[in-house]
Amino acid sequence: MKLVLASQNKKKLVEMNDILSSLGIEVCSQADAGVDLEPEETGTTFEENSLIKAKAVMEASGLPAIADDSGLCVDALRGAPGVYSARYGGEDLSDEGRYRLLLENMQGQMPRTAQFVSVITCCFPNGDVLTARGECPGTIAFAPMGEGGFGYDPVFFVPPLKKTFAQLSPEEKNAVSHRGKALKLFQEKLEVYIRSK
């Protein structure tokens, strides 16, 4: 089965293929499917935004489309940046600019607990929709650590592993991450779905 990823994020594409390839599923980019669009994320929840993206790309490509909407929810900031994680501080900020702004806003704030959330939605041309949600608890580090990952990974610390997401290998990260958990649940739902067809 071939799914189109409703995202321009190349690292998300690699992560999804790493996890779903064992099911014989190939996830291709929008460019590979001849689709060039960036649906406006007008939802107020990860579920709403994930559905908006998957539905738009499925309709444009005629193929099943998979979308991930994810973000970092920091308890001391009342759940911010949340669904606005990718736009935190404005469109012009880089990943580094965003996590540095987060560290600035966390000065003197306690507790430093947070969770990464990922909602995966797959829309099929026949109208069927599969959704899965994954969460990974952690804390906000006092300074960035590690070279890997992307987004807020250098400042998201996982206490049981004593490392930030950016210090984990891709395999270690996929085993504990919000997206890894959501994709595992999605994989289980997809297996049931495929068998039912």
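Listed values, structure above:
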{"item": "R0 of 45 Å, Cβ-Cβ distance V129-A76: FRET efficiency to nearest 0.05", "result": "0.85"}
{"item": "Cβ-based net charge around A166, under 13 Å, with every Lys or Arg adding one and every Asp or Glu removing one", "result": "-2"}
{"item": "Residue-span extension gain [K189 to Q107] - 0.36 nm each, minus C-alpha spacing", "result": "25.4 nm"}
{"item": "Student exercise, the range 71-167 dipole from Lys, Arg, Asp, Glu Cβ charges, in Debye to nearest 20", "result": "300"}
{"item": "Candidates G89, G108, G151: whichever shows maximal mean-square fluctuation once the chain is modelled as a Gaussian network with Cα springs under 10 Å", "result": "G108"}
{"item": "Over 19 Å between alpha carbons, listed pairs K55/K181; K163/K184; K12/K162; K12/K53; K11/K189; K12/K184", "result": "K55/K181; K163/K184; K12/K162; K11/K189"}
{"item": "For the chain, radius of gyration divided by Kirkwood radius, i.e. Rg to Rh on alpha-carbons", "result": "0.97"}
{"item": "The chain: angle of helix 95-105 to the longest principal axis, Cα-based, in degrees nearest 10", "result": "40"}
{"item": "Over the range 1-113, equivalent-ellipsoid semi-axes from the Cα gyration tensor in Å", "result": "30, 15, 13"}
{"item": "Pairwise label distance in nanometres, E26 with F142, each label 7 Å out on the Cα-Cβ vector", "result": "5.0"}
{"item": "Helix 46-61 vs. the chain, principal-axis angle (Cα, 0 to 90°, nearest 10)", "result": "40"}
{"item": "Solvent-accessible area per residue, Å², over the range 1-129 with all protein chains present [probe radius 1.4 Å]", "result": "48"}
{"item": "The range 1-112, dipole about Cα centre (Lys/Arg Cβ +1, Asp/Glu Cβ -1), debye to the nearest 20", "result": "260"}
{"item": "Rounded to 5, percent antiparallel among DSSP beta bridges of the chain", "result": "85"}
{"item": "Stokes-Einstein D in µm²/s, Kirkwood radius over Cα pairs - the range 158-197 at 20 °C with 1.002 mPa s viscosity", "result": "187"}
{"item": "Helix-only [θ]222 nm of the chain, DSSP H runs n ≥ 4, -39500 (n - 2.57) each, per residue, nearest 500", "result": "-10500 deg cm²/dmol"}
{"item": "Straight-distance crosslink candidates among aspartates and glutamates, where the alpha carbon sits under 15 Å from K173 and sequence neighbours closer than 8 are dropped", "result": "E15, D18, E135, E147, D153"}
{"item": "Portion, in percent, of the accessible area of the chain that falls on carbon or sulfur, probe 1.4 Å", "result": "53"}
{"item": "Signed unit charges on C-beta, dipole axis of the range 54-128, positive-most listed residue A114, A67, L93", "result": "A114"}
{"item": "Acute angle (nearest 10 degrees) that the helix 178-196 long axis makes with the longest principal axis of the chain, alpha-carbon atoms", "result": "20"}
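The values are calculated or read from the model by the stated rules, or taken from the named source; none is laboratory data. This one's a predicted model, so the numbers in the text were calculated from it and none came from an experiment. Heads up, the Cβs are rebuilt from the backbone with ideal geometry, glycines too, and the neighbour counts pull from every protein chain shown. For accessibility, only protein heavy atoms count, side chains too; no ligands or nucleic acids. Shrake-Rupley method; radii C 1.70, N 1.55, O 1.52, S 1.80 Å.
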